[in-house]
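One structure is given here, and the rest of the page talks about it.
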C-alpha cells in the first residue's frame, strides 16, 4: 500500500486527536515552502541561485542568495495559510507581520529558512527548521514580546532536509515522524513512524578546531571520548562534523550520537552560537520527543525563557546518557 501522504496524516490527526485545522493548514503550508526551497536547492547553479547575495542578516553574517530566496518563500507560504499572526526568521531583524490584506490566525512561527548556508555552494545537505507557538494575541500588530515563550510552549516543530532525499521530520508533541518527498508526484509520504534515539552513543559531533576555546567541562568530556576503549568510557567513539545542524540532527535520529556546539572563550559575553528560538528549541523539541535530551550545559533548552528573538545558546543534544554526562560536568565546575 502507498504510504500516507502528509495531507492524509494531518487529516487523520484531526479526526483521531483533535488537531486544529488551522494548525494542519500551517504545517501543510510549511511543506509547500520546503518543496519549493528543495526545488531551488536541486537546481543550484542552473537556476543562478548560488553565491553571495551581497547583504548581511541580523547577526552580521553574509547572506547567500538562497538564504534570501528561501526566506521569501517561507514568508509567503506561511502568510497565506491564514493560521499565523506573525513570524520570526533568522534572516530578519524583527517580527514579520502578516500583510493587512490577509487574515491572521492563532499561531506564531519561528524558522530558519535555510540552515547550513556554508554548505550551499559545495552541494552538502542543508535544511529548513521551524517551530510553532500559540499566539497570545490574534492580531496583525504582533511584537517581539509575543514570541518570548519557553520551548515547552511549542505545539509543533520540525525540519526539512535537502539531501539525496528531501525529507520532512515533524512532531506534534506525541511522536516523531518522517516523510520523504516522492519525486514523481511531489508529495511528502510517511516513511518512518515513532522515531526514537538510542540512550547511548558511539558517535559525537563537534568542531574540534575550536577545542582551545572550550570550557573545562567540554574539554573533559571530549577528552574522555577521544581516549576510546582505553579511557574511562571504555569504548571507541567516531567523530562526525557536517557544519549544518539539520544534517547533524538527522544523522543522530537515524543512528544515534551527540551533537555539541558549546560556548567558548572567543566571545565570553555570548552564551553560544546557535539561535534559541528557531534552531535550538525546535531541535530540542524533536530530540525530547524521540527520547533524547537537549541542554545548554546547565538546563534543558526547552525550559529557557528567551529574552530576545535572536538570542543564542550553547547546545548539547542527542543520546540521553551522553547529554546527561556533559551537563553534569558543567554543573560540577
Practice prompt. Evaluate the Kirkwood expression for the hydrodynamic radius of the chain, namely the inverse of the mean inverse distance over all pairs of different C-alpha atoms, and round to one decimal in Å.
Written response: 20.2 Å
Fill in: Listed residues 105, 163, 29, most fluctuating in the chain (Gaussian network, C-alpha, under 10 Å)
163
Worksheet, complete the sentence: A student asked for the Cα radius of gyration and Dmax of the stretch 79-183 in angstrom ought to give 15.0, 42
Worksheet item: Across all directions of projection, what mean area in square nanometres is found for the Cα convex hull of the stretch 6-192?
Response: 10.9 nm²
Worksheet item: So what are the three principal axis dimensions of the stretch 236-307 from its Cα atoms, in whole Å, longest to shortest?
Response: 34, 27, 20
Response to the item:
Rounded to one decimal in nm, the spacing of the 7 Å Cα→Cβ label points at residue 209 and residue 28 is 4.5 nm
Practice prompt. Could you tell me the convex hull volume per residue, in Å³, taken over the Cα atoms of the stretch 158-201?
Written response: 89 Å³
Worksheet item: So what is the orientation-averaged projected area of the stretch 77-123, using the convex hull of its C-alpha atoms, in nm²?
Response: 4.0 nm²
Discussion item. Normalised by the empirical 2.2 N^0.38 Å for globular proteins, what value does the Cα Rg of the stretch 203-331 take?
Written reply: 0.98
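We did not get these values from a lab; they are worked out from the coordinates using the rules stated. Given the structure is predicted, the values throughout are model-derived calculations rather than measurements. When we count neighbours, we look across all protein chains shown, and the Cβ atoms used for this are built from the backbone with ideal geometry, even at glycine.
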